[in-house]
Amino acid sequence: METVILFPAIDLKNGQCVRLEQGDMARATVFNLNPAAQAQSFAAQGFEYLHVVDLDGAFAGKPVNAGAVEAMLKTIKIPVQLGGGIRDLATVEAWLDKGITRVIIGTAAVRDPELVKSAAKTFPGRVAVGLDARDGKVAVEGWAETSQVTVLEIAKRFEDAGVAAIIFTDIARDGLLKGLNLEATIALADAISIPVIASGGLASIEDVKAMLTPRAKKLAGAIAGRALYDGRLDPAAALTLIRDARRS
């Protein structure tokens, strides 16, 4: 259990910290006008690793909320993984140079798998792949389009590429507090050797407990968003559970 991490999520839209419902930019709730302050709050609560997505960047295909990300990096000491609009090696390198610990490649993992392989080889341990699924098929371009390939097909492309993690999101649950889709996430983790992080729908402490059960032993962690912002998930209780699981 020493690798299990609970990642608090900061999604950026128009420089603000928001949460979407099912990836729909029209269904965004603003939770904090100051993402750097939100990042500082998460670090102060004891979280060890921050998950950040540039939502505008995911649609634009290039970084849009760079100012907000850079402000966060100046504010906190904990590592940050960042996705959204990372479509070429120059962008990967630029973010890593600015202090991002790990970049997440999503759309380009479907459209340009060689980019992922090249980036993972050039920057070992610092490249993750974001696979966001709608009915089992991978969505791209900020979830605006659904491809014809399955999550497992894409994940298997990177088995020997040195990818640090696969972040698997069930779009149908994202932002709706319906609970993690652990069945699909565990099935993916069991089918590949790359560590898998669960995302989409984490609703309560019960999801954290489920992530720590023996059947989920191959999961590397989970991402928590709306449940943290609206108080359904107590950070101290969740982090204590994870620390206790590591010790045992």
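Side notes on the structure shown:
- The set of residues from segment 46-100 being charged (D, E, K, R), within 16 Å of the chain's Cα centre (by Cα) and over 30 Å from Ala26 (Cβ atoms) comprises just one member, Glu48.
- Just so you know, in segment 107-138 the residues that are among the polar types (S, T, N, Q) and out of contact with any strand residue (DSSP E or B) (no Cβ under 7 Å at 6 or more places or on another chain) include one that is most open to solvent (accessible area, probe 1.4 Å), and it is Thr122.
- Test: residue in segment 2-17 that is in a strand (DSSP E or B), open to solvent by 40 Å² or more (accessible area, probe 1.4 Å) and farther than 17 Å from Ala224 by Cα: yes
- Residue tally, condition closer than 12 Å to Gln22 by Cβ, hydrophobic (A, V, I, L, M, F, W, C) and part of a strand (DSSP E or B), over segment 135-182: 1
- Residues considered: Ala36, Ala28, Ala44. Of these, the only one that is farther than 17 Å from Arg102 by Cα and in contact with a helix residue (DSSP H, G or I) (Cβ under 6 Å, 6 or more places away or on another chain) is Ala36.
- Residue match in segment 50-60 (condition: open to solvent by 40 Å² or more (accessible area, probe 1.4 Å), at pLDDT 95 or above and out of contact with any Cys (no Cβ under 6 Å at 6 or more places or on another chain)): no
- Answer residue from segment 81-127, given it is assigned to a strand (DSSP E or B) and without any contact (Cβ under 8 Å) to a residue 60 or more places away in the chain and is farthest from Ile194 (Cα to Cα) among those: Leu82
Yes/no per residue for (1) of a type in the set (A, V, I, L, M); (2) assigned to a loop (DSSP other than H, G, I, E, B); (3) farther than 17 Å from Ile10 by Cα:
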{"position": "Ala198", "(1), (2), (3)": "yes, no, no"}
{"position": "Gly201", "(1), (2), (3)": "no, yes, no"}
{"position": "Arg215", "(1), (2), (3)": "no, no, yes"}
{"position": "Gly221", "(1), (2), (3)": "no, no, no"}
{"position": "Ala236", "(1), (2), (3)": "yes, no, yes"}
{"position": "Thr240", "(1), (2), (3)": "no, no, yes"}
{"position": "Arg246", "(1), (2), (3)": "no, no, yes"}
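- If you go through segment 128-166 and keep only what is without any contact (Cβ under 8 Å) to a residue 24 or more places away in the chain and either over 12 Å from Leu188 (Cβ atoms) or touching an Asp or Glu at 6+ places or on another chain (Cβ under 7 Å) (or both), you end up with Lys137, Glu145, Thr146, Gln148, Asp160.
- Selected residue (criterion: farthest from Gly57 (Cα to Cα)) from residues of segment 139-150 that are more than 15 Å from the chain's Cα centre (by Cα) and hydrophobic (A, V, I, L, M, F, W, C): Val149
- Sole exception among (1) at pLDDT 95 or above; (2) open to solvent by less than 40 Å² (accessible area, probe 1.4 Å) for Lys77, by number: (2)
- Residue in segment 54-68 that is more than 17 Å from Gly231 (Cα to Cα) and touching a Phe, Trp or Tyr at 6+ places or on another chain (Cβ under 8 Å) present: yes
- Residues in segment 18-49 that are under 30 Å from Asp135 (Cα atoms), of a type in the set (A, V, I, L, M, F, W, C), open to solvent by 60 Å² or more (accessible area, probe 1.4 Å) and touching a residue at least 12 places away in the same chain (Cβ under 8 Å): Val30, Phe31.
- Scanning segment 190-201 for residues that are at pLDDT below 95, open to solvent by less than 10 Å² (accessible area, probe 1.4 Å) and on the phi < 0 side of the Ramachandran plot yields a total of 0.
The values are calculated or read from the model by the stated rules, or taken from the named source; none is laboratory data. Computed from a predicted model, the values in this text were never measured in an experiment. Here the Cβ is made from the backbone with ideal geometry for all residues, glycine too, and neighbour counts use every protein chain on show. With ligands, DNA and RNA removed, areas are computed over all heavy atoms of the protein, side chains included. Shrake-Rupley method; radii C 1.70, N 1.55, O 1.52, S 1.80 Å.
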